[in-house]
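**Student:** I'd like to ask you about the structure that follows.
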Amino acid sequence: MSDDPATVVPLQHPTAPTIVLVSGTRADELREHFGRYEREYDLRTATSCAEAEEVAARVRAEGGTVALFVAESVLPDCHVLEAFGRWRTVVPTARRMIAAHWERFIPDGPGLRAGMAAGKYDAYLLMPRGTRDEEFHHAVTDLLSDWGSTVADPEVVSVTIVAPEQDGLTLAIRDYLDRMGMPSRVYHPDSEGGRHVRALARPDAAYPLVHALNGEVVEARSVRDVALSVYGAPGDVAVDEVVDLVVVGAGPAGLGAAVYAASEGLSTVVLEAEAIGGQAGTSSMIRNYLGFPRGISGMRLSQRARNQALRFGTQFFTGWSVEALLPGVDGEPHVVRTEAGEVRARAVVVSTGVAYRKLRVEPLEELVGRGVHYGAALTAAREMEGQDVYVVGGGNSAGQAAVHLSRFARSVTVLVRRPSLAETMSQYLVGEIDHNPRIAVRTCTAVVDGGGAGRLERLTLEDTRSGAREEVAAGGLFLLLGAEPHCEWLPAEVERDAQGFVLTGRDVPRERWTDGLPPADLATTLPGVFAAGDIRSGSMKRVAAASGEGASVVPLVHRWLTGR
């Protein structure tokens, strides 16, 4: 891309990304173990930290990039954790792993794993002792896959976008496609790729143009237009039969409910207005999710869960907003009304999650998509190279966004109104931020103004204790401000708290209990309607908790269906 993030230039085919193998005595052995990658990666060896640093700088000078550093646990010229810090200065986006020789794996582990917890490197592995060590290579390909999905331009493109400039709509379309696991690429209209798409469109077609999977060229006016081009027009979606369960929202809670319900034989339909994964789908790396020791991106977790649910027979309809829930009476099924038509279901799980609150600073609202972004905006992170970036928010999503942005931006500053991050952010993220030289934290600070000529250039920050204000240069602002529920479509029979979150179980007011008993833990005040995940009042607002609630609601659905 050009230095100006507002300009889209034709993309050239990149050189093969480099894997740098570093060992004072076993560099050749490491190269032998990595021989299977030689066809698609540029393998280079080094015998010291300094030599690897020179190799990385040479790769950059040649126009290439380093995807992965692999080092032994002991290097001849410096401590391996110091080496990772030096290499990160040269190539911030590269993944970093230790491949310890079997003689050193156990004695070196305790002293090095603390560095992994602090985010200094990504994986601590035992060097293969023979051929076909697939557990080792599974970890390597995980890291390369993560690098490829968040850093590199895609080699295989599912959707082509043509636009003369990188405006807010183009960026939103790219972000949607990334979250759906559909690699995309943007071409200038005068490039070879751009001319090809233009030839398929109307002569006076307006930009951006989206060349979708079905071969159709869409003049996109919204992200929804792109969703329709991929998933079909409203009339194409119809569910004729009464299903056992309709799940509204395909975040972690909805996906958890879909997997468990469909696997137990319930006919299940999932309706999602935007991208699969919800807010969690925008997380660059979730490191505390059970069973993924090296972490997993929100997009990959969501897509795997979706594929798992599909395997059990779940039907997904994406891009359809739910307009109303009509309660069933006298044994009739509930009716979920969408823009695409109606779905009739014996039970409903509400898992619509939450949206980020608005900053409500008008000059900055006008720059959304032009340097100002709600959520992590993974696609926009690539455009932040060399910029000073600010992240507003104190939750895990804000911490994950800051760590990811630090791979691209010159500096990242996390702004929080509270006196510290420890009250709202997981300790592993607090530690990772503390040890990242590119990330700073400003507590008791709020954004009160800002602006720029066509895109973000400056912010005004206010100290919430003294009221003192300071203007700073800013190339990016990422707003992760907490939760607002979106369930206006629910009927009055579903009780909500003062903030609009759905009440379940013992949180339901006593006057709404039946025969002196509260609803079941995840049941609402409308029989046959349940709530799971962030939309539920009192929920933990964590990915694992939401997916757990999604699984836990299925036995309650079974009990309800059996009772009927």
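The values are calculated or read from the model by the stated rules, or taken from the named source; none is laboratory data. Nothing here was measured: the structure is a model prediction, and the numbers come from that model. All Cβ positions, even for glycine, are placed from backbone atoms using ideal geometry, and neighbour counts span all protein chains on display.
**Student:** Answer yes or no: is there a residue in region 461-474 that is outside any loop (DSSP other than H, G, I, E, B), buried (at least 19 other Cβ atoms within 10 Å of the Cβ) and in contact with a strand residue (DSSP E or B) (Cβ under 6 Å, 6 or more places away or on another chain).
**Tutor:** Yes; the residues of region 461-474 include at least one that is outside any loop (DSSP other than H, G, I, E, B), buried (at least 19 other Cβ atoms within 10 Å of the Cβ) and in contact with a strand residue (DSSP E or B) (Cβ under 6 Å, 6 or more places away or on another chain).
**Student:** How about region 213-225: which of its residues are outside any loop (DSSP other than H, G, I, E, B), under 13 Å from V162 (Cα atoms) and in contact with a helix residue (DSSP H, G or I) (Cβ under 7 Å, 6 or more places away or on another chain)? Let's see the steps before the verdict.
**Tutor:** In the first step, residues of region 213-225 are kept if they are outside any loop (DSSP other than H, G, I, E, B); the result is 217-219, 223-225.
Subsequent filtering for residues that are under 13 Å from V162 (Cα atoms) retains 217-219.
V217, V218 - these are the residues of region 213-225 that are outside any loop (DSSP other than H, G, I, E, B), under 13 Å from V162 (Cα atoms) and in contact with a helix residue (DSSP H, G or I) (Cβ under 7 Å, 6 or more places away or on another chain).
**Student:** Here are some conditions: (1) outside any loop (DSSP other than H, G, I, E, B); (2) surrounded by 18 or more Cβ atoms within 10 Å (Cβ to Cβ). P363 meets all but one. Which one does it not meet?
**Tutor:** With respect to (1) outside any loop (DSSP other than H, G, I, E, B); (2) surrounded by 18 or more Cβ atoms within 10 Å (Cβ to Cβ), P363 is out only on (2).
Each row is one residue, and each column tells you yes or no for (1) surrounded by 23 or more Cβ atoms within 10 Å (Cβ to Cβ); (2) modelled with pLDDT under 95; (3) assigned to a loop (DSSP other than H, G, I, E, B).
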residue	(1), (2), (3)
P491	no, no, yes
G500	no, yes, yes
A520	no, yes, yes
T525	no, no, yes
F530	yes, no, no
D534	yes, yes, yes
G538	no, yes, yes
A551	no, no, no
V554	yes, no, no
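**Student:** Among the listed residues A340, A345, A355, identify the single one that is among the aliphatic types (A, V, I, L, M) and at pLDDT 90 or above. Quick ask: steps written out before the conclusion?
**Tutor:** Numbers: A340 fails: at pLDDT 90 or above; A355 fails: at pLDDT 90 or above.
Result of the check over A340, A345, A355: A345.
**Student:** How about region 299-333: which of its residues are under 22 Å from H486 (Cα atoms) and β-branched (V, I, T)?
**Tutor:** Hits for region 299-333 are T318, V322.
**Student:** Would you confirm whether any residue within region 277-300 is closer than 17 Å to V246 by Cβ and in a strand (DSSP E or B)?
**Tutor:** Looking through region 277-300, none of the residues is closer than 17 Å to V246 by Cβ and in a strand (DSSP E or B).
**Student:** Can you name the residue in region 303-337 that is part of a strand (DSSP E or B) and in contact with a helix residue (DSSP H, G or I) (Cβ under 8 Å, 6 or more places away or on another chain) and is also nearest to V259 (Cα to Cα) among such residues?
**Tutor:** F316
The rows are residues; the columns are (1) part of a loop (DSSP other than H, G, I, E, B); (2) under 19 Å from V151 (Cβ atoms); (3) of a type in the set (S, T, N, Q).
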| site | (1), (2), (3) |
| --- | --- |
| E383 | no, yes, no |
| V403 | no, yes, no |
| R407 | yes, yes, no |
| R417 | yes, no, no |
| V430 | no, no, no |
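**Student:** Could you check region 53-70 and list, in sequence order, the residues that are crowded, with 21+ Cβ neighbours inside 10 Å and not in a helix (DSSP H, G or I)?
**Tutor:** V66, A67, L68, F69, V70
**Student:** In region 44-51, is there at least one residue being out of contact with any strand residue (DSSP E or B) (no Cβ under 9 Å at 6 or more places or on another chain), more than 16 Å from V140 (Cβ to Cβ) and at pLDDT 95 or above?
**Tutor:** Taking every residue of region 44-51 in turn, at least one turns out to be out of contact with any strand residue (DSSP E or B) (no Cβ under 9 Å at 6 or more places or on another chain), more than 16 Å from V140 (Cβ to Cβ) and at pLDDT 95 or above.
**Student:** Next up: Output the residues belonging to region 82-120 that are under 26 Å from G63 (Cβ atoms) and either touching a Cys at 6+ places or on another chain (Cβ under 6 Å) or part of a loop (DSSP other than H, G, I, E, B) (or both).
**Tutor:** Correct list: A83, V91, P92, T93, A94.
**Student:** Kindly provide the set of residues from region 419-428 that are part of a loop (DSSP other than H, G, I, E, B) and either at pLDDT 95 or above or not acidic (D, E) (or both), ordered by number.
**Tutor:** As a first pass, look at region 419-428 and keep what is part of a loop (DSSP other than H, G, I, E, B): 419-426.
Result: P419, S420, L421, A422, T424, M425, S426.
**Student:** Could I ask something else about it? Say whether the condition of being acidic (D, E) and within 27 Å of R294 (Cβ to Cβ) is met by at least one residue in region 182-197. Before you say what the answer is, go through the steps one by one.
**Tutor:** The first filter runs over region 182-197 and keeps only residues acidic (D, E), leaving 190, 192.
This time we only want the ones that are within 27 Å of R294 (Cβ to Cβ), so: none.
No.
**Student:** Let me ask another. Can you name the number of the only condition in (1) at pLDDT below 95; (2) of a type outside the set (G, A, S); (3) assigned to a strand (DSSP E or B) that R370 fails?
**Tutor:** Among (1) at pLDDT below 95; (2) of a type outside the set (G, A, S); (3) assigned to a strand (DSSP E or B), R370 violates only (3).
**Student:** On to the next question. Charged (D, E, K, R) and in contact (Cβ under 8 Å) with a residue 24 or more places away in the chain - does that describe any residue in region 452-467? First the steps, then the outcome.
**Tutor:** Initially, region 452-467 is screened for residues charged (D, E, K, R), giving 455, 457-458, 462-463, 465.
Keeping just the survivors that are in contact (Cβ under 8 Å) with a residue 24 or more places away in the chain gives 455, 457.
Yes: region 452-467 contains one or more residues that are charged (D, E, K, R) and in contact (Cβ under 8 Å) with a residue 24 or more places away in the chain.
**Student:** Scan region 83-103 and report the pairs whose first residue is not assigned by TED's automatic domain parsing to the domain that holds G24 and whose second residue is not in a loop (DSSP other than H, G, I, E, B), with Cβ atoms within less than 9 Å and a gap of 6+ or a chain change.
**Tutor:** Close Cβ pairs (under 9 Å, with a partner that is not in a loop (DSSP other than H, G, I, E, B)) do not exist here.
**Student:** What do you reckon, is G319 in contact with an Asp or Glu (Cβ under 7 Å, 6 or more places away or on another chain), surrounded by 22 or more Cβ atoms within 10 Å (Cβ to Cβ) and either over 19 Å from H558 (Cα atoms) or of a type in the set (S, T, N, Q) (or both)?
**Tutor:** No.
**Student:** On to the next question. May I ask you to say which residue of M97, M116 is over 19 Å from A52 (Cα atoms) and either in contact with an Asp or Glu (Cβ under 9 Å, 6 or more places away or on another chain) or of a type in the set (A, V, I, L, M, F, W, C) (or both)?
**Tutor:** M116
**Student:** Being in contact (Cβ under 8 Å) with a residue 24 or more places away in the chain and either under 15 Å from R88 (Cα atoms) or not charged (D, E, K, R) (or both) is the filter here; which residues of region 52-63 pass it?
**Tutor:** Of everything in region 52-63, those that are in contact (Cβ under 8 Å) with a residue 24 or more places away in the chain and either under 15 Å from R88 (Cα atoms) or not charged (D, E, K, R) (or both) turn out to be A52, E53, V55, A56, A57, V59, R60, G63.
**Student:** Here is a follow-up. Name the residue that is surrounded by the fewest Cβ atoms within 10 Å (Cβ to Cβ), counting only residues in region 322-357 that are among the charged types (D, E, K, R) and more than 25 Å from the chain's Cα centre (by Cα). Talk me through it step by step, then tell me what you get.
**Tutor:** Pass one, region 322-357, residues among the charged types (D, E, K, R): 323, 330, 332, 337, 339, 342, 344, 346, 357.
With the extra rule that they be more than 25 Å from the chain's Cα centre (by Cα), the set shrinks to 323, 330, 332, 337, 339, 342, 344, 346.
Values: E323: 12, D330: 4, E332: 12, R337: 14, E339: 13, E342: 14, R344: 18, R346: 21.
This residue is D330.
**Student:** Looking only at region 218-240, which residues are in contact with a Lys or Arg (Cβ under 8 Å, 6 or more places away or on another chain) and either at pLDDT 85 or above or of a type outside the set (V, I, T) (or both)? Give the derivation first.
**Tutor:** In the first step, residues of region 218-240 are kept if they are in contact with a Lys or Arg (Cβ under 8 Å, 6 or more places away or on another chain); the result is 219, 239.
Across region 218-240, the qualifying residue is only E219.
**Student:** Next up: Does A163 satisfy the criteria of being small (G, A, S), buried (at least 19 other Cβ atoms within 10 Å of the Cβ) and outside the structural domain of R304 (by TED's automatic domain parsing)?
**Tutor:** Working: small (G, A, S): yes; buried (at least 19 other Cβ atoms within 10 Å of the Cβ): yes; outside the structural domain of R304 (by TED's automatic domain parsing): yes.
Yes, satisfied.
**Student:** Can you find a residue that is closer than 26 Å to P293 by Cα and either of a type in the set (K, R) or surrounded by fewer than 19 Cβ atoms within 10 Å (Cβ to Cβ) (or both) anywhere in region 71-81?
**Tutor:** The answer is yes; a qualifying residue exists.
**Student:** Can you go through V197, V210, V140 and tell me which one is part of a strand (DSSP E or B) and at pLDDT 90 or above?
**Tutor:** Working: V197 fails: part of a strand (DSSP E or B); V140 fails: part of a strand (DSSP E or B).
After ruling out the rest, the residue left standing is V210.
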